[in-house]
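The values are calculated or read from the model by the stated rules, or taken from the named source; none is laboratory data. Bear in mind that the values here come from a model prediction, so they are computed numbers and not experimental data. Counting neighbours? That spans all protein chains shown, and the Cβs are built from the backbone with ideal geometry, glycine included. Note: accessible area is taken over every heavy atom of the protein model, side chains too, but ligands, DNA and RNA are not part of it. Shrake-Rupley method; radii C 1.70, N 1.55, O 1.52, S 1.80 Å.
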Amino acid sequence: KTVGPNFGESWAMKNHEVNIMDFLIIASMLIIIFILMLLYRRYRKMHYEVPARDISKGHRWIMVDLFPEFTFCNISHIRIKDGAKCDSCGICVDDKNMKVADKTIVCKPLSLKGDVTPHLWMCGNCPLHSKCSVCNENCGVLPEISDFRCCWCKRTVHEKCIPEHSESCDFGNLAKFIVPPHCVELRRIGLLRRRQRLIVAKARHPGIENWRPLIVVANRKSGNNNGEEILCQFRELLNPAQVIDLHDMSPENALEWCHLLPDVTFRVLISGGDGTVGWVLDSIEKAKLKTKVVVCILPLGTGNDLARVLGWGDGHDDAVDVMDILENINNSRVTSLDRWNICIKHKSHLGILRPKKTCIMNNYASIGVDALVTLNFHKQRKYRPWLFTNRFLNKLCYFTYGTKDVLERECKDLHKNIKLELDGKPVSLTDPIEGIVVLNIASWGGGCRLWDLRGEEDQKKFQPARYDDGLLEVAAIYSSFHIAQLQVGLSSPVCLGQAKTVKIILFGGNAPMQVDGEPWEQHPAEITITHRGKATVSEHVIK
């Protein structure tokens, strides 16, 4: 066939049409990918991930300088005084046997297939005075590695009694706290193989009566380095996926359990100070969970005022018995905690208007001499953090800055630069005060029961302080020396009243201010405190 004169022109037109179609297809694919990325980012903002450790890579080792009890290596079976311990399954080995143990001994699994979890027996190193769950005779009494213990239920058994023991584990006294591994499904995510990670993809109810699993959140750097020890102890007792280190992740990662099991009431144990508790409470509120979350506290901070009020103690300097803590959580009472909004509207200065500031208060807020001591301490801790790793040293520094202000009196005549309104009614400030404290809870300044120290007339005039009555207690302080007197119970505060709304107007200069231990230098402004809502917390009941 002969080629016509219009053949080249028609071929070019068809080729042009094909190029346009290819372009449209590629553009559509890019638009779809862009939309999917936006949806994924929105999903990531709404839902976080519960991380899971890949046990195929070995155990989670912690180095021990000196074992407190007779300990035998699970590989060489000889006695060791120091070495490595897995904080998940609890095996102990000599330093040189760590790699061998990673290959030969299976660690506690985070997820299992099936409907039950079998006992995971580990040889030797049974607790002192432990009894065999079959014959009720003593275990671990021989001067060698002997007998077995289960990593889940913590029962001990003789080797000869294992055939008589049931194969499935009921988790013993920890059943109400643990998310069983057979109820957890893991998934590996990530495009690149080297950057893939495991997360908890699904979870289901194990069918245990009154099952209220526990989530533990702590910062391994908090306290006198007690945070790391507490995380290790809870990993050994619970499913390690239930223990979240806030040094590496945010509270939202821990709260993802509530999205996985929306019909289950979770208990969250916060190991830290008042700042950590406030951080987690804010995260719970932002998550807008369908299920109820009950907050328990293991105090590791300096002040720990909220933990004191809820009965969880003033702090832990020595070793922590986590079994006692679980028992206290089991016997605790669920109650509510008022939370408050603080809106700060700054006044214009030289034509410059500073933006409005908002924050949330759980414990107390103050302006004046009390906040000045906290601000000076905060500045020093920011520049020299290595000095402030001990609760005793922290309290000593607070005392030093308080003593310093007794002589300098930087907040003198604060009453001349401040106005106070309670529920819209102005309060006269005629006495020469140096600070105003607004209380939501009864404890203030590291254990001082400020409102309980009021005089006889004020006791008849005002109600006792409560953290769930929707009222704020407002008191005034004369000086740093007055604070010292209050700390030892030798004086009474100036009780100004109780109210649902508190307004403080600062004018004539700057003043130090703090909310729940977070201080700053406050410029002239109108400060309004209003009720925000309630959080569900757990109160320790002493029997």
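Among all helices in the chain defined by DSSP H, which have a length of 24 Å or more along the axis from Cα atoms plus a Kyte-Doolittle mean of at least 0.5? Mind showing how you got there, number by number?
Numbers: long enough: 7-46 (59 Å, 0.72); 391-408 (26 Å, -0.19).
In the chain, the long hydrophobic H runs are 7-46.
Can you tell me the relative contact order of the range 140-291? Whole percent, Cα pairs under 8 Å, sequence separation 6 or more.
19 percent
Any lysines with Cα under 27 Å of the Lys57 Cα? List them, leaving off those in the same chain fewer than 8 positions away.
Lys81, Lys85, Lys96, Lys99, Lys103, Lys108, Lys113, Lys154, Lys202, Lys221
Given points 7 Å out from each Cα along the Cα-Cβ axis, report the Glu421 to Ile26 separation in nanometres with one decimal.
Calculated label separation equals 6.5 nm.
Using a Förster radius of 35 Å, what is the FRET efficiency between Asp314 and Lys113 based on their Cβ-Cβ separation? Nearest 0.05, please.
0.15
Could you work out how much longer the chain between Asp95 and Asp170 gets when fully extended? Use 0.36 nm per residue separation minus the Cα distance between them, nm to one decimal.
Full extension of this stretch gives 23.7 nm more.
What's the carbon and sulfur percent of the range 251-376's accessible surface, probe 1.4 angstrom, rounded to a whole number?
The C+S portion of the solvent-accessible surface of the range 251-376 is 48 percent.
In debye, nearest 20, what is the charge dipole magnitude of the range 197-302 about its Cα centre with +1 on Lys and Arg Cβ and -1 on Asp and Glu Cβ, if you could check?
Charge dipole of the range 197-302: 340 debye, to the nearest 20.
Place +1 on the Cβ of every Lys and Arg and -1 on the Cβ of every Asp and Glu in the chain, take the dipole about the Cα centre, and give the residue among Met37, Ser133, Val494 whose Cα lies farthest towards its positive end.
So the residue furthest toward the plus end is Met37.
Do you know the relative contact order of the range 237-319, to the nearest whole percent, from alpha carbon pairs under 8 angstrom that are 6+ apart?
Value for the range 237-319: 27 percent.
Which whole-angstrom value gives the distance between the alpha carbon centres of the range 456-482 and the range 148-174?
So the separation of the two Cα centres works out to 55 Å.
By its C-alpha gyration tensor, with a ≥ b ≥ c as the square roots of the eigenvalues, how is the range 100-227 shaped: rounded for a/c under 1.5, else prolate for a/b larger than b/c, else oblate? Please list the in-between numbers first.
On the way: a/c = 1.67, a/b = 1.51, b/c = 1.10.
Prolate, since a/c reaches 1.5 and a/b exceeds b/c.
Roughly how big is the chain's charge dipole about its Cα centre, with Cβ charges of +1 (Lys, Arg) and -1 (Asp, Glu), in debye to the nearest 20? Can you show the working numbers first?
Numbers: 70 positive and 62 negative charges, 364 e Å.
Rounded to the nearest 20 debye, it is 1760 debye.
Could you state the accessible area per residue of the chain in Å², with a 1.4 Å probe and every protein chain left in place?
Value returned for the chain: 53 Å² of accessible area per residue.
Subtracting the Cα-Cα distance from 0.36 nm times the residue separation, let me have the gained length for Lys412 to Ser348 in nm, one decimal.
That pair, Lys412 and Ser348, stretches by 20.6 nm at full extension.
How long is the chain along each principal axis, judged by its Cα atoms, biggest number first, in Å?
102, 98, 44
Subtracting the Cα-Cα distance from 0.36 nm times the residue separation, let me have the gained length for Asp324 to Glu285 in nm, one decimal. Each step should come with its number before you reach the end.
On the way: separation 39, 0.36 × 39 = 14.04 nm, distance 2.90 nm.
So the extension gain works out to 11.1 nm.
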